[in-house]
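Asker: Can you keep this structure in mind? I'll have questions shortly.
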Amino acid sequence: MNAWWHEVWATLQAEFADIDDAAQLTRVTVRLLMAAVLGAILGFEREHKGKAAGVRTHMLVAMGAALFVMVPQLSGAEADAMSRVVQGVIAGIGFLGAGTILKNQEGDEGHVKGLTTAAGLWMTAAIGVAAGLGREGTAVLSTLLALGVFSVMPWIVKRFEKDHDHL
């Protein structure tokens, strides 16, 4: 019976052997935390404005995208395989984003709602991919730019519309 438990223990150790040293643990932790934090930043902004996809959704999208690219990369996948993984993430997020878009009929013209939310989720996935691939600087810069689009652009658009109305 002792040999049986030894075999079970050895099998369990082998199952968790993908993180085999401190460097690997640090790499996985930093990339996933980076994706989570950056997703949370964008999600907080969207939730603060009362949009459908908030903090948890953006965090999960960013972490999921990071995990989808990180696992094959750390397993030694070749560039062509990584390309297919990224393509799959992009397509999958497209389906998620499509679920956030609604078209309402207001008068004679249709009004589309949720397009910015869908685009934001797509951007959040791209940020997660960057973090998952170890491109943390790119992920942070992209998050700041996206935050600018979400926060500053509505103010700029209103300002130009206000100036246009006075003409």
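The values are calculated or read from the model by the stated rules, or taken from the named source; none is laboratory data. Given the structure is predicted, the values throughout are model-derived calculations rather than measurements. Positions of Cβ are backbone-derived with ideal geometry, glycine not excepted, and every protein chain shown enters the neighbour counts.
Asker: Does TRP9 meet the test of being at pLDDT below 95, part of a helix (DSSP H, G or I) and surrounded by 10 or more Cβ atoms within 10 Å (Cβ to Cβ)?
Answerer: Numbers: at pLDDT below 95: yes; part of a helix (DSSP H, G or I): yes; surrounded by 10 or more Cβ atoms within 10 Å (Cβ to Cβ): yes.
Criteria met by TRP9.
Asker: Here's something else I'd like to know. When residues of the range 12-48 are filtered for being in a helix (DSSP H, G or I) and loosely packed, with under 11 Cβ neighbours inside 10 Å, how many remain?
Answerer: Going through the range 12-48, the residues in a helix (DSSP H, G or I) turn out to be 12-15, 22-48.
Within this subset, residues satisfying the condition of being loosely packed, with under 11 Cβ neighbours inside 10 Å are 12-15, 22-23.
Qualifying residue count, the range 12-48: 6.
Asker: Taking the range 135-167, which residues are surrounded by fewer than 18 Cβ atoms within 10 Å (Cβ to Cβ), of a type outside the set (Lys, Arg) and under 30 Å from THR26 (Cβ atoms)?
Answerer: GLU136, GLY137, THR138, VAL140, LEU141, LEU144, LEU145, LEU147
Asker: Name the one entry in ALA77, ALA66, ALA98, ALA81 that is of a type in the set (A, V, I, L, M), surrounded by fewer than 12 Cβ atoms within 10 Å (Cβ to Cβ) and more than 16 Å from ALA146 (Cα to Cα). Before you say what the answer is, go through the steps one by one.
Answerer: Working: ALA77 fails: surrounded by fewer than 12 Cβ atoms within 10 Å (Cβ to Cβ); ALA66 fails: surrounded by fewer than 12 Cβ atoms within 10 Å (Cβ to Cβ); ALA81 fails: surrounded by fewer than 12 Cβ atoms within 10 Å (Cβ to Cβ).
When all the criteria are applied, what remains is ALA98.
Asker: So which of ALA65, ALA91, ALA81 ends up being closer than 12 Å to LEU133 by Cα and of a type in the set (Gly, Ala, Ser)? Step through it out loud before you land on a result.
Answerer: Working: ALA91 fails: closer than 12 Å to LEU133 by Cα; ALA81 fails: closer than 12 Å to LEU133 by Cα.
When all the criteria are applied, what remains is ALA65.
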